[in-house]
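The values are calculated or read from the model by the stated rules, or taken from the named source; none is laboratory data. None of the values given here were measured: they were computed from a predicted structure. All Cβ positions, glycine included, derive from the backbone under ideal geometry; neighbour counts span all protein chains shown.
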Amino acid sequence: MGIKVNGKTIVENYRNEIKSIICEGVRLGLRVPSIKTILVGEDGGSLSYVKSQNNLCDKLGVSYSCIHLGIDIDEKDIMDLIEKFNDDNSVDGIILQLPLPKKFNEKEITSKISYKKDIDGLTDKNMGRFYKGDKSFIPCTALGVIEMIKNTGCIIKGKHAVVIGRSNIVGRPAAQLLLNEDATVTICHSKTINLKEICRAADILVAAIGRPSFVTSDFIKEGAVVIDVGTTMVNGKITGDVCFDEVIDVAGYVTPVPGGTGLMTTTMLIKNACVAWRNNVY
């Protein structure tokens, strides 16, 4: 029987650090950090994530507002809204909630966010700096994945890590961060042949494909660290990519959904916002 990774315990130190940073700023007479989130449509995972953003900002003393737009909105209106926030010195972080509905050009809209306010690390400038190894904002879920792995006590160096998923939000940056930690990394996706066999060779498995309960026990090497990034709404409940009840019997460590990487992602997002805020007001 493996160990359930308790995300609530892991994030506590990070959140205390964020509180201390904000309290020090307030003591100096500065305003609190400010985040604007743009949400288009009714994606279940996005709605849940926005709610968690709002709740955590309330707890940590961060100013937060979500602009929820219908899918009938014009693409130019979204980009105009982003430009408005770019020009507003009272806004430190801008989040464009992804995925956008398919009718929108996600890459073009994302590119309008100022890299200085891109706390999700999605702009070309931040991504380029990240993959070059320069200082940048790094996608928050990928950051959360690495922190969850480290908190199991797993030594990443030299391990074989498999990432299922190749998105710019999670899969690719998570793979890069694992490479930075000297893991040997394999990226798998929907066209991968012999997926189960590849996964069964993994010391560390990161599931980030958005297919609920896709990863079952026959994907898992005994004792592996399994990080579940999935957040799909199924019958009104957020469900991960990993079939937790099966996998926990084989793996060494497994993150639950909810209560795992989602908590870490939101915390890393607010931490990035504090960096942007300090760059803006100090």
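Can Thr141 be described as surrounded by 20 or more Cβ atoms within 10 Å (Cβ to Cβ), more than 21 Å from Gly252 (Cα to Cα) and either of a type in the set (Val, Ile, Thr) or at pLDDT below 95 (or both)?
Numbers: surrounded by 20 or more Cβ atoms within 10 Å (Cβ to Cβ): yes; more than 21 Å from Gly252 (Cα to Cα): yes; either of a type in the set (Val, Ile, Thr) or at pLDDT below 95 (or both): yes.
Here the answer is yes, as Thr141 does meet what is asked.
Going by the structure shown, is Gly240 touching a residue at least 24 places away in the same chain (Cβ under 8 Å), in contact with a Phe, Trp or Tyr (Cβ under 8 Å, 6 or more places away or on another chain) and buried (at least 24 other Cβ atoms within 10 Å of the Cβ)?
Details: touching a residue at least 24 places away in the same chain (Cβ under 8 Å): yes; in contact with a Phe, Trp or Tyr (Cβ under 8 Å, 6 or more places away or on another chain): no; buried (at least 24 other Cβ atoms within 10 Å of the Cβ): yes.
No.
With the condition kept exactly as written, say whether any residue in region 111-124 is without any contact (Cβ under 8 Å) to a residue 40 or more places away in the chain and among the aliphatic types (A, V, I, L, M). Give the derivation first.
So the first thing to find is which residues in region 111-124 are without any contact (Cβ under 8 Å) to a residue 40 or more places away in the chain, and the list is 111-115, 118, 123-124.
If we keep only those that are among the aliphatic types (A, V, I, L, M) too, we end up with 113.
Yes, region 111-124 has at least one match.
Output the residue which, of all residues in region 176-192 that are part of a strand (DSSP E or B) and hydroxyl-bearing (Ser, Thr, Tyr), is surrounded by the most Cβ atoms within 10 Å (Cβ to Cβ).
First pass over region 176-192, keeping only residues part of a strand (DSSP E or B): 184-188.
Still in the running and hydroxyl-bearing (Ser, Thr, Tyr): 184, 186.
Numbers: Thr184: 14, Thr186: 17.
Out of the qualifying residues, it is Thr186.
Do you know which residues across region 132-167 are out of contact with any helix residue (DSSP H, G or I) (no Cβ under 7 Å at 6 or more places or on another chain) and polar (S, T, N, Q)?
If the condition is that a residue be out of contact with any helix residue (DSSP H, G or I) (no Cβ under 7 Å at 6 or more places or on another chain) and polar (S, T, N, Q), then Thr152, Ser167 are the ones that fit.
What number of residues within region 212-244 satisfy the criterion of being basic (Lys, Arg) and not in a strand (DSSP E or B)? Before you say what the answer is, go through the steps one by one.
Let us first name the residues in region 212-244 that are basic (Lys, Arg), namely 221, 237.
Keeping just the survivors that are not in a strand (DSSP E or B) gives 221.
Total satisfying the criteria: 1.
Condition check ((1) closer than 19 Å to Asn272 by Cβ; (2) of a type outside the set (Val, Ile, Thr); (3) modelled with pLDDT under 95) across all residues:
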residue	(1), (2), (3)
Met1	no, yes, yes
Ile10	yes, no, yes
Val32	yes, no, no
Ile38	yes, no, no
Leu47	no, yes, yes
Cys66	yes, yes, no
Lys103	no, yes, yes
Ile109	no, no, no
Lys112	yes, yes, no
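For the subset of region 20-65 comprising residues that are assigned to a helix (DSSP H, G or I) and of a type in the set (Gly, Ala, Ser), which member is surrounded by the fewest Cβ atoms within 10 Å (Cβ to Cβ)? Before the answer, list the steps.
Here is the first cut: in region 20-65, the ones assigned to a helix (DSSP H, G or I) are 20-27, 44-60.
Applying the additional criterion that residues be of a type in the set (Gly, Ala, Ser) yields 20, 25, 44-46, 48, 52.
Working: Ser20: 10, Gly25: 19, Gly44: 15, Gly45: 18, Ser46: 20, Ser48: 17, Ser52: 19.
Checked region 20-65; the qualifying residue surrounded by the fewest Cβ atoms within 10 Å (Cβ to Cβ) is Ser20.
Return the total of residues in region 245-268 being in a helix (DSSP H, G or I) and touching an Asp or Glu at 6+ places or on another chain (Cβ under 7 Å).
Here is the first cut: in region 245-268, the residues in a helix (DSSP H, G or I) are 245-247, 261-268.
With the extra rule that they be touching an Asp or Glu at 6+ places or on another chain (Cβ under 7 Å), the set shrinks to 261, 264.
Of the residues in region 245-268, 2 are in a helix (DSSP H, G or I) and touching an Asp or Glu at 6+ places or on another chain (Cβ under 7 Å).
For region 194-207, indicate whether the set of residues that are within 23 Å of Asn126 (Cβ to Cβ) and without any contact (Cβ under 8 Å) to a residue 40 or more places away in the chain is non-empty. Don't jump to the end; show me each part of the working.
Taking region 194-207 as the starting set, the residues that turn out to be within 23 Å of Asn126 (Cβ to Cβ) are 206.
From what's left, without any contact (Cβ under 8 Å) to a residue 40 or more places away in the chain: none.
Checked against the condition, which is being within 23 Å of Asn126 (Cβ to Cβ) and without any contact (Cβ under 8 Å) to a residue 40 or more places away in the chain, region 194-207 yields no hits at all.
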